[in-house]
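The values are calculated or read from the model by the stated rules, or taken from the named source; none is laboratory data. Quick caveat: nothing in here was measured; it's all calculated off a predicted structure. For neighbour counting, all protein chains shown are included, and Cβ atoms are generated from backbone atoms with ideal geometry for every residue, glycine included. Only protein heavy atoms, including side chains, enter the accessible area calculation; ligands, DNA and RNA are left aside. Shrake-Rupley method; radii C 1.70, N 1.55, O 1.52, S 1.80 Å.
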Amino acid sequence: MSAAPSPPAEPGDPASQQVVNPATEEVIATVPHTTPEEVDAAVRGAAAAQRRWAALAPAERARQLRRFASAVDGARHDLAAIEVAEAGHPVAGATWEAENVRDLLDYAAGGVERLTGRQIPVAGGVNITFAEPLGVVTVIAPWNFPMPVAAWGVAPALAAGNAVLLKPAEATPLTALRLEVLAQASGLPEGLFQVLPGPGPVIGEALVDHPGVAKVVFTGSTAVGKRIMARCAAHVKRVTLELGGKSPNIVFADADLERAAAAAPASFLDNAGQDCCARSRILIQRSVHDRFLSLLEPAVRAVTVGDPADPATAMGPLISAAHRERVRSYVPEDSPAAIRGAVPEGPGFWYPPTVLEAHATDRRAAAEEIFGPVAVVTPFDDEEDAVRLANATDYGLAGSLWTRDAARALRVSRAVAAGNLSVNSHSSVRYSTPFGGFKQSGLGRELGPDALAAFTETKNVFLSTDDG
Ligand code: NAD
């Protein structure tokens, strides 16, 4: 189904959702909710489209996905402007996000004709495997990176021959709706990719529970992810989960401290810290603790917080007033901050870049995912202590370590229980490399060379060559 933004409805109308610009607090659109009946029709429409899609020649499927990628490329500045307005992302990052959707579609299109099975030697015949599409896949996306995270699921699922129903987060449905329009305009079959806005506990659960949905790809909080996994169990439904994080940034005494300090602010302030991979625990070897903090302070203060539409802005607002209250609850007003940045006056859900020291901080701030521009600094004694602290969490999504010792870099990378480690940088996500969490940060992997395989079932076929 297609749900276009309509004129503003009454505030609190249960049949629609208001989209608010977090930098101005203005309502920028009102989007009707999908109804449970429409969910059912959407699944049936998607199933019919999927059968035709999977029957197309692989080269044709790839061509159609490349046309979709070109349409996204042509609209990338519009998509970025929507992301700036609905999510408060600085425009440079928002443009990168739109380009990332384009690149994901192109990369996935390249996989369509490489989705090969295997021929396995057996007695008495020929044994071959097929990578069969699953059918209808649901992608449930969060509000923090609405466009790229949706595309991590949508692009490989379509490439592997599936139909996709995308449920965007309540706060950020507009880029998803625009992608649906672009998909249709680029010639993708009707019904193959549909966007279904609505509340998670209603429309999200209706999709998760629908017997016609073969797989759920969920990105969001660990609490909701656990609930979805339990509901998927009722149908033994396939599920990929990308959940929360509390990732460490480990700085050893032998590191290039200037580089490490210069890079640290972006690692927890990008997207105002609303990033599952935020390096929100800074672990510093005790012997360089004070020196590192003295280098970090000017770097944090230099981060420009303000109007996300201004290309010079590095950090925008938080997504909503409610979320800002949640972030604030981790940092009481009288909390002694080691570093606190500045924010603009006036409307907007601003929160300052903040660095706390573990010894002077509430334990919750050091242990829980704050999802805001707040990092907690903890000293460590040696390599063993660093690894112990890094792993003292139920999460395991990402992490960085800074050292000039290559052997230590590999030892520590292997010892930290997280899916995405980065040495002397904070890189986490590339469309061409696998991404996902250890422990309660998730289940399964997205992106990378195997992304399409997560949207297929292996079918084994034995063909007897006996002539009797
Ligand atoms: P959320 O869990 O509140 O919501 C995510 C999505 O799930 C939304 O679309 C929401 O409508 C839907 N939803 C909510 N309840 C549901 C239910 N009962 N059934 C089905 N769907 C439901 O998360 P959020 O606040 O939008 O996103 C922030 C969280 O996402 C953070 O914890 C962050 O770490 C995580 N995240 C993880 C990754 C990753 O790749 N690991 C990436 C981005 C965000």
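The rows are residues; the columns are (1) open to solvent by less than 40 Å² (accessible area, probe 1.4 Å); (2) within 16 Å of the ligand (Cβ to nearest atom).
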{"site": "Thr433", "(1), (2)": "no, yes"}
{"site": "Leu443", "(1), (2)": "no, yes"}
{"site": "Ala454", "(1), (2)": "yes, yes"}
{"site": "Thr458", "(1), (2)": "no, no"}
Original post:
Within the set of pairs 6 or more residues apart or between chains, which connect a residue that is farther than 23 Å from Ala160 by Cα and within 9 Å of the ligand (Cβ to nearest atom) inside the range 202-217 to a residue that is at pLDDT below 95 and open to solvent by 30 Å² or more (accessible area, probe 1.4 Å) with Cβ atoms less than 8 Å apart?
Top reply: Val202/Pro36; Ile203/Pro36; Ala206/Pro36
**OP:** Identify, from the list Arg231, Arg178, Arg227, the residue that is under 22 Å from Gly245 (Cβ atoms) and outside any strand (DSSP E or B).
**Re:** Arg227
Original post:
List pairs: first in the range 73-89 and on the phi > 0 side of the Ramachandran plot, second part of a helix (DSSP H, G or I), Cβ under 8 Å, 6+ apart or cross-chain?
Top reply: Gly88/Ala272
Original post:
Mind checking which residues of the range 409-431 are crowded, with 17+ Cβ neighbours inside 10 Å and more than 28 Å from Val149 (Cα to Cα)?
Top reply: Ala409, Val412
**OP:** Identify, by number, the condition in (1) more than 16 Å from the ligand (Cβ to nearest atom); (2) touching a Leu at 6+ places or on another chain (Cβ under 6 Å) that Gly437 doesn't meet.
**Re:** (1)
**OP:** Take the range 256-273 and flag every residue that is open to solvent by less than 10 Å² (accessible area, probe 1.4 Å) and either under 19 Å from Ala418 (Cβ atoms) or more than 16 Å from the ligand (Cβ to nearest atom) (or both).
**Re:** Ala260, Ala261, Ala264, Pro265, Phe268, Gly273
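Residue-wise test of (1) among the hydrophobic types (A, V, I, L, M, F, W, C); (2) under 23 Å from Ile28 (Cβ atoms).
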position	(1), (2)
Val72	yes, yes
Trp96	yes, yes
Arg102	no, no
Ile128	yes, no
Pro156	no, no
Original post:
Just wondering, is there one or more residues in the range 381-392 that are touching a strand residue (DSSP E or B) at 6+ places or on another chain (Cβ under 8 Å) and either among the polar types (S, T, N, Q) or within 16 Å of the ligand (Cβ to nearest atom) (or both)?
Top reply: no
Subject >> Residue among Glu205, Glu190 that alone is among the acidic types (Asp, Glu) and assigned to a helix (DSSP H, G or I) >> reply: Glu205
Original post:
What is the one condition in (1) outside any helix (DSSP H, G or I); (2) of a type outside the set (A, V, I, L, M, F, W, C); (3) near the ligand (Cβ under 8 Å from one of its atoms); (4) surrounded by fewer than 23 Cβ atoms within 10 Å (Cβ to Cβ) that Gly245 does not satisfy?
Top reply: (4)
Original post:
Of all residues in the range 160-203, how many are within 17 Å of the chain's Cα centre (by Cα) and among the small types (Gly, Ala, Ser)?
Top reply: 4
**OP:** Go through the range 170-194 and give me each residue that's open to solvent by less than 10 Å² (accessible area, probe 1.4 Å) and of a type in the set (Gly, Ala, Ser).
**Re:** Ala176, Ala183
Original post:
Is it the case that Glu170 is touching a residue at least 12 places away in the same chain (Cβ under 8 Å) and in a strand (DSSP E or B)?
Top reply: no
**OP:** State the number of residues belonging to the range 316-353 that are over 19 Å from Val376 (Cα atoms), more than 23 Å from the chain's Cα centre (by Cα) and open to solvent by 60 Å² or more (accessible area, probe 1.4 Å).
**Re:** 2
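Can you tell me which residues in the range 293-308 are open to solvent by 60 Å² or more (accessible area, probe 1.4 Å) and over 25 Å from Thr378 (Cα atoms)?
Residues satisfying the conditions are Thr304, Asp307.
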**OP:** Scan the range 355-382 residue by residue and report those that are in a helix (DSSP H, G or I), within 22 Å of Leu295 (Cα to Cα) and touching a residue at least 24 places away in the same chain (Cβ under 8 Å).
**Re:** Ala360, Ala366
Original post:
For the range 179-201, how many residues are near the ligand (Cβ under 10 Å from one of its atoms) and more than 23 Å from Gly225 (Cα to Cα)?
Top reply: 0
**OP:** Restricting attention to the range 94-127, report how many residues are within 30 Å of Thr175 (Cα to Cα) and polar (S, T, N, Q).
**Re:** 2
Original post:
In this structure, does Val208 turn out to be among the hydrophobic types (A, V, I, L, M, F, W, C) and open to solvent by 30 Å² or more (accessible area, probe 1.4 Å)?
Top reply: no
**OP:** Evaluate the range 93-101: report whether one residue or more is on the phi < 0 side of the Ramachandran plot and either touching a Gly at 6+ places or on another chain (Cβ under 7 Å) or hydroxyl-bearing (Ser, Thr, Tyr) (or both).
**Re:** yes
**OP:** Looking for whichever is among the small types (Gly, Ala, Ser) and more than 12 Å from the ligand (Cβ to nearest atom) here; the options are Ala176, Ala159, Ala169. Which one fits?
**Re:** Ala159
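Residue-by-condition table, conditions (1) near the ligand (Cβ under 8 Å from one of its atoms); (2) under 20 Å from Cys276 (Cβ atoms); (3) in the same structural domain as Val416 (by TED's automatic domain parsing):
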| position | (1), (2), (3) |
| --- | --- |
| Thr219 | yes, yes, no |
| Val224 | yes, yes, no |
| Met229 | no, yes, no |
| Cys232 | no, no, no |
| Ala253 | no, no, yes |
**OP:** Could you list all residues from the range 43-72 that are touching a helix residue (DSSP H, G or I) at 6+ places or on another chain (Cβ under 7 Å) and either open to solvent by 50 Å² or more (accessible area, probe 1.4 Å) or not assigned by TED's automatic domain parsing to the domain that holds Leu188 (or both)?
**Re:** Pro58, Arg66
